[in-house]
Structure formats: C-alpha cells, structure tokens
Amino acid sequence: MNNTQPIYPFAAIVGQENMKLALILNIINPTLSGVLIRGEKGTAKSTAVRALADILPEIEVFAGDPFQLSPSDESDLLHAFTPVVRQKEASQAKPVKIEKRKVKVVELPVGATEDRVVGTLDLEHALKKGEKRIEPGILAAAHRGILYVDEVNLLDDHVVDVLLDSAAMGVNTIEREGISFSHPARFTLVGTMNPEEGELRPQLLDRFGLCVLIEGVREPEDRVAIMEQRAAFDEDPVGFCKKWEAASRKLGERIERAIALYPEVAIERSLLFEIASYCLDIGVDGHRGDIIMLKTAKTLAAWHGRKKVVSADAEAAAELVLPHRVRRQPLQEIGEDVKSLRMKK
Amino acid sequence: MARTASNMDFGSQLQILNDKEMMFKKIYPFSAIVGQEELKLALLLNAVNPKIGGVLIRGEKGTAKSTAVRALAALLPEMRMVAGCPFGCDPDDDLRMCARCRETGSRRTIRTQRVQVVTLPLNATEDRVVGGIDFNLAVKKGVRAVLPGLLAEANRSILYVDEVNLLDDHIVDIILDAAASGENRIEREGISFKHPASFILVGTMNPEEGELRPQLMDRFGLCVDVKGEAKPDQRVLLMERREAFDLAPHEFLKQFERENERIAAQVITAREQLNAVRLPKHLRTFISELCMENLVAGHRADLVMEQAARAHAVLRQRSEVTTDDITKLAPFVLVHRARNAQPPPPPPPESDRKEEPPETNDANEPDKEPLPDNPPEGRETQQKSGERISGDQQPEPDETNTGDRLDEKKPPEQIFDIGATFTVKKITSPRDRVLRRGSGRRSRTRIALKQGRYIKSAFQDKTGDIALDATLRAAAHHQLKRKNNYGLAVCLKPEDIRGKIREKRIGNFILFLVDASGSMGARGRMAASKGAIMSLLLDAYQKRDKVAMISFRKNGADINLPPTTSVEMAGKLLAEMPVGGRTPLSAGLAKAHEQVRNYLLRDPGARPIAIIITDGKTNVASGDQKPLEEAFDFAAKMAADPRTQYIVVDTEEPGLVSFGLAARLAGILGADYFKIENLKADQLVNVIKERR
C-alpha cells in the first residue's frame, strides 16, 4: 500500500459540504444504500469518493476470499463457494485465515460488460477440461464495500438492470450459460452523474438512498483555497498527506464514534409523524423515502454525537433524501429544493 | 435424464446455498407488513389456490412488493418432495411427476423443504430459464443430459420476476407458457424433454417503463395496483416496524410469530377445504355478466374469477361463494383485462390536455389556412431589419390566406401546450445481418453481446459466446481419431468451436424534424402535434432510444437537441418550442440529413429513424428553386441512402381544401405516412411491415 500513489485526503477537500456529509453518513450507516452525486464536471466528485478509502473503517474478511464474506455471518458459505471458483488448490482444504482490512472502494467503469459485472463462467475451459470455473465479477468484489459508478447515467441499460437487481436483493444471481450461482452482494452504491447527459430511470434513482446536487464553489476565497491545496498536493503529495494526517485521523475517529453511537440513537414519535408528513406533502412513491429519511436522521444525530434525533436532523435529512424521490413523470426534471416544493403543495 | 454424481454435487451445493440464504437473511414477517391489504390478499389467494395463475403487481417502487412475496414464502408450510429430484416432484401426486420419479415408485426417499422464491434475474438466458444441455456430462461422459433450469427449480414454488415488463419478450413467452400449462417443454439444442413446472408466478412492473403486451397481461390471474399509504399514522407505524426489525430482527420475528402461524394455519386449512367450496349457479351467471360488461376477451377472466372467489370464500371460512366474494375480487381479475381500460399513458407534464384547439380563431372563419406566414413575422422584422420578407415569397398553393391578418389576438410567436398524449404504434426498423451492441427495446437486431435469444450458430466466435450444441456436433465425427488428454469423453479442438448468433431488440436513433412555422400554430394544430411528438418521445423513453430534435421556422433550421439519451431534455425543449414565422422545409430537410449522416459516420451500424412532423407546406427556399420543388428535390436525394428510415406525420387538418403535400413528400422519401390520428396504437393497421 505504501508504494501506491498517495490519494488526495478527504479532509482536505474544500467546500462541497453536502456531498462530504452524504458520503460520511453512508459510511456510518451502510443501510442508507448509497449516494447519487449530481453535478457539474470538475467538482471533486471522484476525488471525494476515492479519498474515502482514507477514512473508511475496517472489516473482517477471509484471506484471499474473492467474495468478501463476513466471517461472523456467512462463514459457511465460503466452503460452498470455493470449489466452483478459480482459486489456488491450497486454500481449499485448510481452514482459512481471517484478516482485517479497510472497506474497499470498487470502481465500475462505464464500459464494463455484463460478464465482468456479474461474473462469468469460462466456457472454453469447461469444454476442454470439463471443469466449471467461475470468475467472480465486480459485484462480488463490492460486497460489504462501496461500489463507485462514475457517470452512472451513461451505463448500459442491461448493466443498470443487473445493478438494480443486486442492490434490491443484496444478492447477485447469475443464471446464464449453464451456470446458476448466487452470492451475497450488499454494497453502498455511489454514483456520479451530469444530468445534462441524460437522466436515470426512476427505479434506479430510488435505489440511491441520498442524493446531493453539487456545483462549483462560488466564493472566490474558496476557489483560491482549492487551487492552492491542489497545487500543494501536486507538488509534494506525500508531504501534503502527512500534513493532513491528523485531520484525517480525527475524522476517522469521529466516524467510528458515530458508528458505535448509532444503535443507541432514539427518535420521538412526533418526529416520525413529521417525517411522514414530509413525504406525504411532497408526494414520494412508496415508503422507501420514509425509511431512509428516518435512518438518515438517526445517523445525523449520531454524527453530531447526540443520542436523540432533533427536528433539525429530520429537516437536513429531507434535503438529502427527498429531492430525487418526488413523484414525477418520466420526462420531468428533478426538483432541487425540498422546502420550496413543500411550500408549493 | 438422470443427474449423475458430478452434477448432483453442483446442485446440492446450490441447495446448501439457498438454505443458508434463508438462514442468514432474516425475512420480514408477512403479518408485520403495514397496509397493502390487496397485495397480501392476492398473494394469499394464490397460496390457497394455485389455479388462479399468479399475480401481477403494478405500481410504485418501495411498496413492499418483494418483501411481501418473500414473506409469503417464509410463511408457507414445508412440502414433501422426492429427494434428489431436480424438479421437486410431489411424491403424493402421481399425475404431475417427472418421468424418473414415476419410474422409481416406492423406492424413492422423501425430504421436506420450504416453498422457495425463485428469482428470475432480468439478464437470464433462455437456456437457464428452460434448461439446456448439461455440458459437464456431455464433455466428461459423452452423455446427452438436461441441466434443469429455473423453471424446474420453481416447480411448486414461487417464481418471482421483478420488472417483468423489462424482460426479453421471448423469455416472458416461455414463462407464461409454462405457467399456463403447468409443464415445461424443452425443445432446443438437440434436447427434447418435459417436466412439471407449476408455480405461482408473481411479476412486478412499473407501467411508466413500458406496458406488457395484452396477451401476456391476460396470463396473470390477478393484478394489483399498489400505492404507498396515505395516512401519516400508518406510515409512522411502518417506519417503527422497519426500524425495530433492522435493529433486532430476532425479537421482532418473535413478536409476530403467533400472527404468522395463525395465517399459515388459515392457508393450510383453506387448501384442504378448497375442493368442498360450492359455487351457486346464479353466481356463475353473475360472473359471466361481469366479464361481458367489461368487454373482456376470452374466457380466462371467468375461470380465474371462479377460482379466486372459491379461494376467498374458503379463506373466510365459508363453504359457499357469495356475491360479496365476487364483487370484492372482480377488480383484481378485471383491471388488467378490461378492454380500453388500458392504463392511460402518463399525462403530459402540463396537465391541461387540449384535445381541441383554443378558441383563438373564430369558428366562422372559413379559411383553411388562417395563419399566414408573413404577418406574424412583423415584429421580428422590425427588430431585425435585415430579414428578407418579400423576396422569396413564392406563389405557393397554400398561400391563399388573407383573412388572418386582422387577427390581433395572435402574438407573432406562440408557445403551445403539449396536447393529449397517446400510445403510439410500433415503429421498428427492418431486420438485417449487421451485428450491433446496445440495449433498448425497439428494433430486432443481431447482437454482438452475450444477450438475447440464441437463433443459430456460426463459425465465428467473436464474443466468446460458445454454442455448445453446435460445437459438440462439429467435434462428433472426429472423435474416433482423436485422443484425449484430460480423460474426458469428448475431445474438442479449437476448430470445433462454434459461436452463437443472438438476436434481441435495441434502441434506435430517432431524429425529430419539427415544423415550427406559423402555419402550425393555427387551430391548435401545434398542440396536437406536440402531443404526438410527446407520445413518440414517451415511446422513445420506454424503448431506450437516442433522440435528437431539429425544428425549422423563419429562415432556417435549428438543432434544438443534438443526439442524446436524455429524452427528458427533448420533452422540456418541446414544451418550450415557440411557433411562428415562415416555413423553410428544405432547410429543415437538409439539416436533418446532415445530422443523420454525422450520426452514421460515428456509428455506421446505426439505424436512424427520422420522423418529420409537418404539413408539407413550404415557402422559403435555400437556393434559387421554388421552395416546394427544392424540398422535393432534397427529399429525393435523401431517399437515396437506404440506411435511414423516414416517417412523415402529416399535421394538415382534414377539410375541404387539402393539398396532400406531406403525402407527396412521404412518397418521394419512401417514408411511412401518417396523420396524427393514425399514429395511435389502438388502430388495427400495423404501421410498418417489416421489410425483410
């Protein structure tokens, strides 16, 4: 890891507070099911997602397991998987080691073929040697991690469908070409898009828990700060990262505290009604909005070190959760501001 | 067709997987689902009486559709099965049994298993759905055997298809066929085989993403429209339960255990007593009258209604069906079958639908061409003095109007609302032999991806998509001479490998060329035209086309929207498109040609469809010719390129004087010609015959 190029530290990103907050909330609580970042080019979207690696918590995995299974939860599955996957012979018989490592950010390139995403069977190998050999795809690698899709709106439709399926079920099912195979695939979906190049289908939009709209920073001072930071980083990446190390560690620790606090966060019934009325006033489809909004509000409280959700949390959650869920026809645009929408209705 | 040892291993591994999945994925209890009474009832009815034939769930996302289906499966009692039978045969039912189980007779061992939810992923291939050659066996042992597919797995369970309307048509056909007959027949890749496949089919769909064909819709016994809860306290309850479940699933499950058991017991007793339920004769008449009233096609509705009513009665612990059962269930049975009860296409964003033009022009105006192309230009010309007005005004046949000059209500530029939208007819390009990549749902093409339907095999294997049957056949007659290194029964050499040729639908590039001149503003024709374009755009959205839009008015043509997948943008631009000015048809045609040509340079395999929305009248030329002649000349040149398909939508109002210019244009372009009214899908004439 030390030899790889240093990544621009998350803590050093100037502005874009909404996006940073949304990403952090998802780290604290992976059940928020992802963030969609909508916005212009060159607004630190990708930088932020890649920088996450810095502050992500650690998880336990089996050594060399392509499916990132959780040793405490799914240990039995591993033994079922190993024989059908291309793996070193040695790892089959012996008990596998458990190791700790950081949550991974797995990138899904726009041009990815379905094979690479879901995993595939090497048919020619099978025909010549008579063995089934499955190569796990990107979805296997993304289990328990973050799946990052740049320009998610440009993704091929059939790949989108696959993503939707797995995101919905938490399981990736391969049913093609004589293979029938499924493995857990629960990931935090982080997508970026530029709305000018085409919208996402409502179903896929709905799968993203949170949605943030970002634009370039307006304040001249901040813009200068961005330029300075970037220049400093380009000049001396290692030194720059070292300078920010303390800030990154502090952020990481705060996230860990929030993760620990989350289960204790309580919410009053009256606030639940407030959340429900938010969703009703704005007119969202179904109930995913309510549920995600509740979780977001609780996560926000944990992030702020509180054990109780306050009204401001719900309000902030609404801005993150609802804009992309407002009921609309296929050809309508996404509204930007929840408050104004609520006033209108 | 036995599964031998090696094969069993793989199968039993999967079995373990599935069971484990049930274990570590705690399932939200059925009885804890808040609201959605109709959905729950429909599922329970099917659980009691599988003859109902499944449920189609239409509606909003995030309304516990999948949760309910999974919860139902977890609730149902365990079933007895023949151990080792890949089809999960029922040992007590000799009629519906696979050939092997019938032979084994009393020697078979029994195991029990819960009802499973078999999920059909959208990208499943046909061989995995119906079953195909088991290549492990074929290669290792040289045995021709069937590898059972998803339909085998789903036998006596629930087959769940999320977004059934996005599934490839041929797969939907197969599934519905099996669902209707209770049997899956495999006739492909050299195998002929059948096995029982009776399952509860549950499909979900969002109508905005495209409708199912009516034939397919009819195959689903019941149909439920689901919506989110509208009452705040219900929503709060739902949130509370969900949160409680996520935090402490075990306690939560315990809390609802008793209620779940009660429902399970209800289903079991109902199943036992189902056959004893009587349906009085007068109610049969009632059912058939109901179906007749709703103009239902065929008799499936009657039969389903009867079965559903019996299940409902027995669930309510009655031994006789009453009128209440039927009136309660009628909507489930009829909503998707009643003709002309097609769910309306989504209303246009601006909700005031103007079928009729706004009464800006007085009805007593006899003039067929009320809006001249000249006067509205007035203000513009004052602003831009350089504009030529009179120079190229040609004596066109349509320049008969004078009366409208007095019309002061009309501003020189208008923005019309989008008129009523409708479902448009099928527009596709003809088939050819070019391999393409892409997705979408419009025109059939051979495809260079591992998707779609396997139609035949060929020598080339460009995609690593190996056609097993053909490869084996190619290798077969060499086997005597060849020696095998791996101890396999069949020895394959690279020259044996055959690739699959597949076919599926993909989106096209659709270019809209819109006449936005002043003449279109008359009598709300622009509103109707915009409605038609909007309908075509909605269709393009559902078929995942790329669209581009060009409008022509005043002295030239503008590219409003370069080729994009953002149909939203096109819709927005359409709503804002102003109307006014003269009609430079030839400039529009030239611009369209340019766009299409550029697109073809980038993507030589593309099949562009240019839709020209005009009345065919023109009064501005780009060159020295008369405008109309020039336009027709251009059209003739454009028609020379066979790769582009043209469609002319005539916006001329039917009346005493009609010039039929658009029809002439269509003739020259070799285009398909429609009036706006004829674009609607409910008319029987098929739009484009597929030219092969």
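No value in this document is a laboratory result; all are computed from the given coordinates. Given the structure is predicted, the values throughout are model-derived calculations rather than measurements. Here the Cβ positions follow ideal geometry from the backbone for every residue, glycine too, while neighbour counts run over all protein chains shown.
Ranked by how many other Cβ atoms sit within 10 Å of their own Cβ, fewest first, the residues B:Met549, B:Met79 fall in the order B:Met79, B:Met549.
Taking Cα centre as origin and charging only the Cβ of basic (Lys, Arg, +1) and acidic (Asp, Glu, -1) residues, the dipole magnitude of segment B:208-260 rounds to 140 debye. Between A:Arg254 and B:Arg114, what FRET efficiency follows from the Cβ-Cβ distance if R0 is 41 Å, with the result rounded to 0.05? About 0.40, to the nearest 0.05. Computed from point charges on the beta carbon alone (+1 for Lys and Arg, -1 for Asp and Glu), the dipole magnitude for segment B:546-692 about its Cα centre is near 340 Debye. Look at the stretch A:272-284: the mean tally of other chain Cβ atoms within 10 Å of its residues' Cβ atoms is 4. The modelled label-to-label distance between A:Met227 and A:Glu40, using points 7 Å beyond Cα along the C-beta direction, is 1.5 nm. A:Val217: net charge of surrounding residues, Cβ under 12 Å, Lys/Arg +1, Asp/Glu -1, itself excluded? After counting each charged neighbour, the total is -4. Over the Cα atoms of segment A:1-69, each weighted equally, I'd like the Debye log10 I(q)/I(0) at q = 0.18, 0.20, 0.25, 0.27 Å⁻¹, rounded to two decimals. Treating every Cα as an identical point scatterer, log10 I(q)/I(0) equals -0.83, -0.96, -1.21, -1.28. Between the residues B:Leu166, B:Leu176, B:Ala248, the greatest Cα displacement towards the positive end of the dipole of segment B:164-264, with unit charges on the Cβ of Lys, Arg, Asp and Glu, is found for B:Ala248. Its Cα gyration tensor gives segment B:277-344 an equivalent ellipsoid, and the semi-axes of that ellipsoid, as √(5λ) in whole Å with the largest first, are 22, 12, 8. Once the C-beta distance of A:Asp281 and B:Arg144 is scaled by a Förster radius of 51 Å, the resulting FRET efficiency is 0.20 to the nearest 0.05. Nearest 20 debye, what's the magnitude of the dipole of segment B:277-344 about its Cα centre given +1 on Lys and Arg Cβ and -1 on Asp and Glu Cβ? The dipole of segment B:277-344 has a size of about 160 debye. Taking amide H atoms as placed 1.01 Å from N in the peptide plane, the amide H of A:Lys308 lies under 5 Å from those of A:Ala266, each 5 or more residues away in sequence or on another chain. For the residues of B:567-576, the average number of beta carbons from a partner chain within 10 Å of their own beta carbon is 3.
Peptides A:50-60, B:607-617, A:211-221, A:299-309 ordered by packing proxy, namely the average of other Cβ atoms within 10 Å per residue, highest first: B:607-617, A:299-309, A:50-60, A:211-221. Pull out a ≥ b ≥ c, the square roots of the eigenvalues of the alpha-carbon gyration tensor of segment A:140-246, then state rounded if a/c is under 1.5, prolate if not and a/b is larger than b/c, and oblate in the remaining case. Prolate shape, in that a/c is at least 1.5 and a/b is the bigger ratio. Placing +1 on the Cβ of each Lys and Arg and -1 on the Cβ of each Asp and Glu in segment B:277-344, which of B:Thr327, B:Ser288, B:Val314 has its Cα farthest towards the positive end of the resulting dipole? So the residue furthest toward the plus end is B:Val314. Computed over neighbours whose Cβ is under 9 Å from that of A:Val61, the net charge equals 0, Lys and Arg +1, Asp and Glu -1. With a 10 Å cut-off around each Cβ of A:192-201, the average count of Cβ atoms from other chains is 3. Placing R0 at 51 angstrom, the Cβ-Cβ distance between B:Glu240 and B:Arg102 gives a FRET efficiency of 0.45 after rounding to 0.05.
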